[in-house]
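The values are calculated or read from the model by the stated rules, or taken from the named source; none is laboratory data. Every value quoted in this text rests on a predicted model; they were computed, and no experiment measured them. Methodologically, a virtual Cβ is constructed for each residue, glycine included, from the backbone with ideal geometry; neighbour enumeration extends over all protein chains shown.
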Amino acid sequence: MKAHNTIHEIEALTIEDMTGFDNQVLKINGHDVYLVDLGGYFGYSALVFRNDHHLYYANDYELHHKGKTQEELKAWYADTLKYKLFSDEMIPAAVADYQEAERKEYYLRNYYPQMCDDKISAFRICTNEAESAAFDKEVEGMIYNPIGFFYTNDRAFSDRLIELYKIALKSKEPSKDSYDYWFDAFKYEMYNHEYAINWDADCDTLSAFGLPYKPGISNLSLEKLFDLVKFSDIQRNAYRAAASYVMANSDY
């Protein structure tokens, strides 16, 4: 089979196309992961399918792991994808930590919607009123899904995604009173927002936990910010401890 040198060619591959490759298939959390040599720039890669749909946002490519052998790549794909992919049966399970909760929600927002055959992304760039009017006309009467940010006529699919997302949120509830869970969560987001060198470090970090943007909010005390996001004493103590840890362990 010819090399696939563009990402668009790869993303257009269907389950039927997989028969044209000499491939191996890994079964990972209800997904079929095809290990195929795409040739060209992308090389020996992992293409993710579920219910015969190509979830190409979850794909991984040799391009990103130069220097690894095929056996090393196979082990890498098997190990990393088991953390990225979730079956419906895995969604209700209590999360082990904040990162798992984030991965579960990311899967539902970004990968799961790729199984919907009838959808239009809400992220349409319209440069003038005529284009905006045309888009409004295109999605008129369709169902808006706030989890995947798309419009669809498939109510059953949309309802199922919303239901799974609510279940995913509930899977975090056993951790809501866990100091370790919150310490890990705050530390993770602080590193994400370069807490040690960020002039608005607390506002930016807390935005990941529901802090809304308001003019002058960066002038509020940390306690006032905690009040706005309705943090418990456990969360406040864990946040301060995480901040101390990050400041002491950042390479700046």
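Does the range 158-179 contain at least one residue that is aromatic (Phe, Trp, Tyr) and surrounded by 21 or more Cβ atoms within 10 Å (Cβ to Cβ)? Can you show your working first?
We begin by selecting, within the range 158-179, every residue aromatic (Phe, Trp, Tyr); these are 165, 179.
Retained after the next criterion (residues that are surrounded by 21 or more Cβ atoms within 10 Å (Cβ to Cβ)): none.
No: the range 158-179 contains no residue that is aromatic (Phe, Trp, Tyr) and surrounded by 21 or more Cβ atoms within 10 Å (Cβ to Cβ).
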For this session: Return the only residue of 46, 58, 75, 12 being buried (at least 16 other Cβ atoms within 10 Å of the Cβ) and over 30 Å from residue 174 (Cβ atoms).
Result: 46
Exercise. How many residues does the range 94-116 hold that are under 21 Å from residue 184 (Cβ atoms) and not in a helix (DSSP H, G or I)?
Worked result: 4
Exercise. If a residue has to be free of Cβ contacts under 8 Å to residues at least 60 places away in the same chain, under 26 Å from residue 116 (Cβ atoms) and out of contact with any Phe, Trp or Tyr (no Cβ under 9 Å at 6 or more places or on another chain) to count, how many in the range 31-55 make the cut?
Worked result: 1
For this session: Please list, ordered by first then second residue, the pairs with beta carbon atoms under 8 Å, 6 or more apart or interchain, first in the range 130-151 and modelled with pLDDT of 95 or more, second of a type in the set (Ser, Thr, Tyr) and part of a helix (DSSP H, G or I).
Result: 143/158; 145/158; 147/165; 148/112
Seminar exercise, completed: Across the range 212-252, the tally of residues that are farther than 19 Å from residue 178 by Cα, polar (S, T, N, Q) and free of Cβ contacts under 8 Å to residues at least 24 places away in the same chain stands at 4
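Please enumerate the residues belonging to the range 174-212 that are in a loop (DSSP other than H, G, I, E, B) and of a type in the set (S, T, N, Q). Let's see the steps before the verdict.
In the first step, residues of the range 174-212 are kept if they are in a loop (DSSP other than H, G, I, E, B); the result is 176-178, 193-194, 198-200, 208-212.
178, 198 - these are the residues of the range 174-212 that are in a loop (DSSP other than H, G, I, E, B) and of a type in the set (S, T, N, Q).
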Problem set entry | Top-ranked residue in the range 152-173 [being within 19 Å of the chain's Cα centre (by Cα) and not in a helix (DSSP H, G or I); ranked as modelled with the highest pLDDT] | 171
